[in-house]
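Written out below as structure tokens is the structure these notes cover.
The values are calculated or read from the model by the stated rules, or taken from the named source; none is laboratory data. Note that this is a predicted model, so its numbers are computed, not measured. With ideal geometry, Cβ positions are generated from the backbone for all residues, glycine too; neighbour counts draw on all protein chains shown. Ligands, DNA and RNA are stripped out before the accessible areas are found, and what is left, the full protein with its side chains, is counted by its heavy atoms. Shrake-Rupley method; radii C 1.70, N 1.55, O 1.52, S 1.80 Å.
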Number of protein chains: 2
Amino acid sequence: MQRPTLDAVAARAGVSKSTVSRVINGVSTVAPRIREAVLDAVGELGYVPNAAARNLVTRRTDAVALVVSDPPKGLVSDDPLFAAVVRTASRALEAAGKQVVLMLAGSDESRERVERYVVAGHVDGVMLVSLHGADPLPYMLARKRVPMVSFGRSSAAVPYVENDNEGGAGLAVRHLLGLGRRRVATITGPMDLIASQERLAGYNGAVREAGCRSMMALGDFTRISGAEAMDQLLQDDPQLDAVFAANDLMAIGALHVLRKHGRRVPDDVAVVGFDDIEAAQYTAPPLTTVRSPMDAQALATVELLLDLFEEGAQESVVMPCDLVIRESA
Amino acid sequence: MQRPTLDAVAARAGVSKSTVSRVINGVSTVAPRIREAVLDAVGELGYVPNAAARNLVTRRTDAVALVVSDPPKGLVSDDPLFAAVVRTASRALEAAGKQVVLMLAGSDESRERVERYVVAGHVDGVMLVSLHGADPLPYMLARKRVPMVSFGRSSAAVPYVENDNEGGAGLAVRHLLGLGRRRVATITGPMDLIASQERLAGYNGAVREAGCRSMMALGDFTRISGAEAMDQLLQDDPQLDAVFAANDLMAIGALHVLRKHGRRVPDDVAVVGFDDIEAAQYTAPPLTTVRSPMDAQALATVELLLDLFEEGAQESVVMPCDLVIRESA
DNA sequence: CTGAAAGCGCTTACAG
DNA sequence: CTGAAAGCGCTTACAG
């Protein structure tokens with residue numbers, strides 16, 4: 001699998017390696033007819049520059065690591081949003097001429113692998129997808145002074161793009177309140193996720209503002225945990241008339257339990273979720289939920305990284321959410 | 001961001017670069033106390049070998065491109081299975097010490113980028129995720145003699161791992177027949193996908209075997225297409241008592257239409273899907289479907305590639321499917 | 001505008 | 001068991 005080298009092209013075109021290199025890299029100071037000759041030779045030989053040799057001297061790779069920081073339970077990459085984020089970010093990065101290296105970092109071992117890979121110079125920078133508050137990875141990499149941004153807030157050390165979780169939760173709860181509901185409960189996400197904390201804060205703020213009391217049950221963003229939490233809430237207060245679940249998966253679990261207990265949705269109990277995952281359209285009844293602009297957010301994160309490459313330090317970004325009203329509330 | 005080099009480590013440890021290199025690469029012929037000294041120096045300096053320099057001389061990268069060949073409509077990467085395949089394959093590859101470079105190849109432009117990237121020597125081999133019969137990528141890469149395997153059959157030029165689509169479809173239809181159904185229709189996938197063709201063949205075989213007549217409507221693997229196809233089938237034969245949809249998304253669309261038309265599932269019409277996606281558990285009623293062992297398949301594909309690296313040419317693999325019986329049939 | 005030469009940071013025969 | 005030297009395939013000042 002011997003590929004042609006710069007030397008071979010130079011020989012064939014009857015010029016020096018320097019000249020071939022200039023043509024390949026688009027340096028303009030090359031006589032048109034020589035340029036032609038070089039391009040012909042490149043075409044005939046099917047020459048493609050060797051990446052390792054080039055990186056070695058330029059000290060750039062034009063590649064970016066997309067690191068998905070996966071908590072032990074596999075919460076993030078099991079998330080229906082995972083594929084969308086990866087795909088959107090990949091496309092944007094590729095459009096900017098950056099190659100994407102996907103890395104999953106779930107264990108200490110894999111985190112170390114990521115660290116070594118990045119430090120070895122395989123990539124020019126890192127885009128982190130991390131929703132885990134206690135994630136050690138941002139610290140590890142920040143210490144190595146690697147250009148890095150984060151999709152989802154992760155640590156103070158790294159500029160991030162995040163949706164307005166607190167504002168979105170507020171929107172959801174105020175909608176419920178606006179429907180005349182007064183016993184509005186919430187099912188929370190796992191409390192080590194910053195997003196969960198913020199959504200809970202949004203719920204609390206809106207409920208207090210309306211002079212209602214707060215009722216909550218802990219979940220962990222899985223459907224089953226939503227079902228269990230709903231069971232508990234119903235026991236705590238059989239009169240409750242609304243539930244805000246901190247994500248759609250848990251809202252779906254709650255929907256099932258409500259039906260099992262003979263509660264009509266939304267007549268008896270109104271339900272709102274968060275995320276607007278695909279499945280939210282298919283539930284019975286279709287789920288009212290908070291839409292976080294995933295695509296826009298992924299795109300903004302990519303922008304942030306590119307800006308970082310160009311101009312150095314950048315500020316974090318918070319994107320607004322809106323409410324998708326369907327039939328469950 | 002000046003990182004320490006081999007030279008720096010050698011100087012600090014008071015030995016030659018050659019010796020440091022041997023220690024780093026685990027060559028055993030190094031005196032224990034010298035080894036110690038080198039390791040100490042490495043630790044103190046935080047030395048990590050430069051990847052480009054190393055690749056340049058070894059001509060290996062220990063990286064593998066995971067190329068997701070995305071048809072224009074985004075069918076593959078929108079698929080709920082996408083994330084699972086990417087994650088499973090990534091983990092297995094990383095466990096084998098290979099780094100994973102994710103590449104999306106949807107357009108001619110991106111296919112060319114993939115080709116250049118691979119030829120430039122960034123990776124040692126390619127794992128293709130391609131379900132598209134007419135995909136030009138396998139040919140492009142095979143021509144360059146790049147070690148390559150495919151998750152999902154793509155072209156004769158490349159060894160693949162595939163589930164037994166025909167057998168799985170046969171399983172589904174025979175289950176319907178076994179329930180006493182005699183007017184069994186099918187909703188097909190897009191016909192340029194080999195998987196669709198095979199699932200249709202499985203349906204046809206089973207229906208003919210039972211002496212029933214076949215009824216089909218074309219879909220394209222999207223939920224909406226499943227709904228439209230179901231509408232049409234109901235018009236064609238209001239008496240039909242069973243439907244085999246070539247994937248779960250279309251089965252879900254069919255379920256909605258059946259309910260809208262007042263047909264009870266499974267009493268009036270039994271429904272079976274294919275894939276066993278997450279959402280199949282949440283439909284009303286929960287969907288009976290064909291399970292293709294995604295994880296096992298992704299793992300087998302990784303194995304195939306690793307074998308290819310070790311021993312050269314390998315044979316394709318077909319994995320059996322089984323039926324997950326829930327409530328819709 | 002073009003070429004000769006140095007050098008990027010490693011590995012690997014080859015001596016000793 | 002260890003070191004000096006060559007070389008991997010590029011880019012980039014430096015001359016001319």
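Backbone amide hydrogens, once placed in the peptide plane, bring residue B:100 within less than 5 Å of B:64, excluding anything fewer than 5 places away on its chain.
Over chain B, with a Gaussian network built from C-alpha contacts below 10 Å, which listed residue (B:251, B:83, B:217) shows the highest mean-square fluctuation? Among B:251, B:83, B:217, the largest GNM mean-square fluctuation belongs to B:83. Placing a pseudo-label 7 Å from each Cα along the Cα-to-Cβ vector at residue B:139 and residue B:31 gives an inter-label distance of 6.2 nm. Using Cα springs under 10 Å in a Gaussian network model of chain B, which residue among B:261, B:122, B:175 shows the largest mean-square fluctuation? The residue that fluctuates most here is B:261. With contributions of -39500 (n - 2.57) from each DSSP H run of at least four residues, the per-residue ellipticity at 222 nm computed over chain B stands at -14000 deg cm²/dmol.
Nearest-5 percent of antiparallel DSSP beta bridges in the stretch A:230-329? Let's see the in-between values first.
Details: 3 of 10 bridges.
Around 30 percent antiparallel, to the nearest 5.
In whole percent, and with a 1.4 Å probe on the protein chains, what portion of the accessible area of chain A is carbon and sulfur? Each step should come with its number before you reach the end.
Working: 6930 of 14040 Å².
On chain A, the fraction of accessible area on carbon and sulfur atoms equals 49 percent.
Once C-alpha pairs closer than 8 Å and six or more residues apart are averaged by separation and normalised to the residue number of chain B, the relative contact order reads 15 percent.
With springs connecting C-alpha atoms under 10 Å apart, model chain B as a Gaussian network and identify which of B:154, B:130, B:107 has the largest mean-square fluctuation. Answer for the Gaussian network model of chain B: B:107.
Rounded to two decimals, what is Rg over Rh for the stretch A:110-174 when you use alpha-carbon atoms and the Kirkwood radius? Walk me through the numbers on the way to the answer.
Details: Rg = 14.3 Å, Rh = 12.9 Å.
Computed over Cα atoms, the ratio is 1.11.
Rolling a 1.4 Å probe across the protein heavy atoms gives the protein assembly as shown an accessible surface of 43 Å² per residue. When only the Cβ of Lys, Arg, Asp and Glu is charged (+1, +1, -1, -1), the dipole of the stretch B:151-238 relative to its Cα centre reaches about 360 debye.
Proximity of backbone amide H atoms, modeled 1.01 Å from N, is registered between residue B:271 and B:243, B:329 at under 5 Å, excluding neighbours fewer than 5 places apart on the same chain.
Taking the Cα centre of chain A as origin, work out the dipole magnitude from +1 charges on Lys and Arg Cβ and -1 charges on Asp and Glu Cβ, in debye rounded to 20.
Details: 34 positive and 41 negative charges, 151 e Å.
Around 720 debye, computed over chain A.
Per the Kirkwood formula on distinct C-alpha pairs, the Rh of the protein assembly as shown is how many angstrom? So the Kirkwood estimate lands at 27.4 Å.
Could you tell me what percent of the DSSP beta bridges with both partners in chain B are antiparallel, to the nearest 5? It would help to have the intermediate numbers written out before the result.
Details: 4 of 39 bridges.
Around 10 percent antiparallel, to the nearest 5.
The antiparallel fraction among DSSP beta bridges confined to the protein assembly as shown stands at about 10%.
Could you work out the mean count of beta carbons from other protein chains within 10 Å of each residue's beta carbon in B:44-50? Working shown, then result.
On the way: counts 0, 0, 2, 1, 8, 4, 8.
Other-chain Cβ atoms within 10 Å of each residue's Cβ, averaged: 3.
Interface burial in the stretch B:52-68 reaches 30 Å² or more for B:52, B:56, comparing the full protein assembly with the chain by itself; accessible area from heavy atoms with a 1.4 Å probe. On the principal axes of its alpha carbon atoms, chain A extends 88, 36, 35 Å, with the longest extent given first. Taking the Cα atoms of the stretch B:6-49, the ratio Rg/Rh between the radius of gyration and the Kirkwood radius comes to 0.90.
Evaluating 6.51 cos²θ - 1.76 cosθ + 1.60 at θ = phi - 60° for every residue in the stretch B:55-65, the Karplus couplings come out as 4, 4, 8, 7, 6, 9, 10, 6, 10, 10, 8 Hz, glycine and proline recorded as x. Using θ = phi - 60° in the Karplus curve 6.51 cos²θ - 1.76 cosθ + 1.60, the 3J(HN,Hα) couplings for the stretch A:216-223 round to 9, 9, 7, x, 9, 6, 8, 4 Hz; x is entered for Gly and Pro.
The base-10 log of I(q)/I(0) for the stretch B:79-196, evaluated at q = 0.21 Å⁻¹, reads -1.27 [Debye formula, identical scatterers on Cα atoms, solvent excluded]. All distinct Cα pairs of the stretch B:250-301 go into the 1/r average, and the inverse of that average, the Kirkwood radius, is 12.0 Å.
Computed from the C-beta positions of residue B:5 and residue A:16 and an R0 of 25 Å, the FRET efficiency is 0.30 to the nearest 0.05. Taken over the stretch B:165-291, the percentage of Cα pairs per 10 Å bin, counting from 0 up to the bin with the maximum distance, is 15, 53, 30, 1. With θ taken as phi - 60° and the Karplus curve 6.51 cos²θ - 1.76 cosθ + 1.60 applied, the whole-hertz 3J(HN,Hα) list for the stretch A:110-115 is 5, 5, 5, 4, 4, 4 Hz, x standing for glycine and proline.
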